[in-house]
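One structure is given below, encoded as structure tokens.
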Amino acid sequence: MAHLIGKELGVKVEIIAVTSANRIPYLQTKKADIVISSLGKNAEREKVIDFTAAYAPFFSGVFAPKAAAVAKAEDLAGKTVGATRGSIEEQELTKIAPASATIKRYEDNNATIAAFISGQVDYIATGNIVAAAIAEKAPARAPVSKFVIQNSPCFIGLNKGEAKLQAKLNEIILKVKGSGELAKIADKWLKAPLPADL
């Protein structure tokens, strides 16, 4: 998506890797111009940054091996769930998990994934895209969705006060939706079809 936007804007793209917790600070300190990732929109984030239109399907949930008997947040009582610090999954799970559940927080997605694959945690709060990647990487520990924490399509984040950039990005998103290019990107990278209502 970043390269597609760069092409449409006629600019060279420089991609920098950041942790979930650093995405917004990198915008605010001008280390990044836009954030393109599995960035969900919520009221807290809308206070500090702006968002484009949604561009990709994404939902956050609790995933576990198929045999795990969990269907709702209350079922996590007495269980330990891995989550990436600062992620939407960690923030939302903190609000709904029972007091007896333990949320084991990791500094980045790689550490959270490694904890799940190695069996340090049997439950992981993450996005559907990450769960699909884990299933490909470690089929023996393939996580399945137990319940949805939040349906949170991906948005591009940008600093407040950049209305022209926001409008241009929305124009690009609309264009690639209409051409079918965005559906191809979603299928290739997210392993999910582009919903008709996105």
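Taking a cut-off of 19 Å between Cα atoms, list the aspartates and glutamates near K104, but don't count ones fewer than 8 places away on the same chain.
Within the straight-line limit of under 19 Å, K104 reaches these aspartates and glutamates: E74, D75, E89, E90, E92, D122.
What is the Cα convex hull volume of the chain when expressed per residue in Å³?
121
Quick one: check the C-alpha center-to-center distance for segment 89-137 versus segment 1-59, whole angstrom.
22
Treating each Cα of segment 1-118 as an identical point scatterer and ignoring solvent, apply the Debye formula and state log10 I(q)/I(0) at q = 0.19 Å⁻¹.
For segment 1-118, the Cα-only Debye profile gives -1.13.
Between the DSSP loop rule and a limit of at most 13 other Cβ atoms within 10 Å, which GluC sites (Glu not before Pro) in segment 1-100 are left?
When the GluC sites (Glu not before Pro) of segment 1-100 are filtered for loop state and at most 13 Cβ neighbours within 10 Å, E14 remain.
Where the convex hull is taken over the Cα atoms of segment 59-151, what is its projected area averaged over directions, in nm²?
4.9
Just list whichever of K30/K184; K95/K146; K160/K184; K66/K188 have alpha carbons separated by over 23 Å in the model shown.
From K30/K184; K95/K146; K160/K184; K66/K188, over 23 Å: K30/K184; K160/K184; K66/K188.
If a helix is a whole DSSP H run, which ones in the chain reach 20 Å or further along their own axis (Cα) and hold a mean Kyte-Doolittle hydropathy of at least -1.0?
Within the chain the helices that satisfy the rule are 163-179.
Read the figures in this text as sums done on the coordinates, not as results from a lab. Because the structure is predicted, anything quoted here is derived from the model rather than measured. As a convention, Cβ positions derive from the backbone with ideal geometry for all residues, glycine included, and neighbour counts pool all protein chains shown.
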